[in-house]
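Here is the structure we will look at.
Just so it is clear, none of the values below were taken in a lab; they were calculated from the coordinates. Note that the structure is predicted; figures quoted are calculated from it, not measured. No Cβ is skipped: glycine too gets one built from the backbone with ideal geometry, and neighbour counts run over all protein chains shown.
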Amino acid sequence: MQHASGGGAPLTEPQLLTHALRVFDAAAADVAAALVALRDSGADGSARTLQAVRDLQAALAVLMDERVKIDRLRNQVAGVVGGRTLDLDAARDEIGRRLARLRDAGGGD
């Protein structure tokens, strides 16, 4: 997939996911604005109006759910777990220290 400008280098996974998040945010804002406009228009409360409100609320819920999924995927691609980035160098150092302690305590070869 190429950059949204029509040319250039393809988007990386993190860039693509960030772009998808922006699209979901914009769509959610549009749906929320339409919902507010429909409610503020003084609609007569007909079955058709009520159904439109329900449809907009459902669309907003779907957009927000999908945004959460995209955000989780973006964090996964970036190596973020529990809101923190994994420090693989620190983990490697800690494993090395623990292995050294086990070797020292074992008295073996």
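In plain terms, the chain from V62 to R92 could stretch by 6.7 nm, reckoned as 0.36 nm per residue minus the Cα-Cα distance.
For D71 and D30, calculate 0.36 nm times their separation in residues minus their Cα-Cα distance, and state this gained length in nm to one decimal.
Numbers: separation 41, 0.36 × 41 = 14.76 nm, distance 1.95 nm.
Roughly 12.8 nm would be gained on extension.
With a Förster radius of 41 Å applied to the beta-carbon distance between D40 and T12, the computed FRET efficiency rounds to 0.50. Percent of Cα pairs in region 13-84 per distance bin of 10 Å, from zero to the largest separation: 20, 37, 22, 14, 6, 0.
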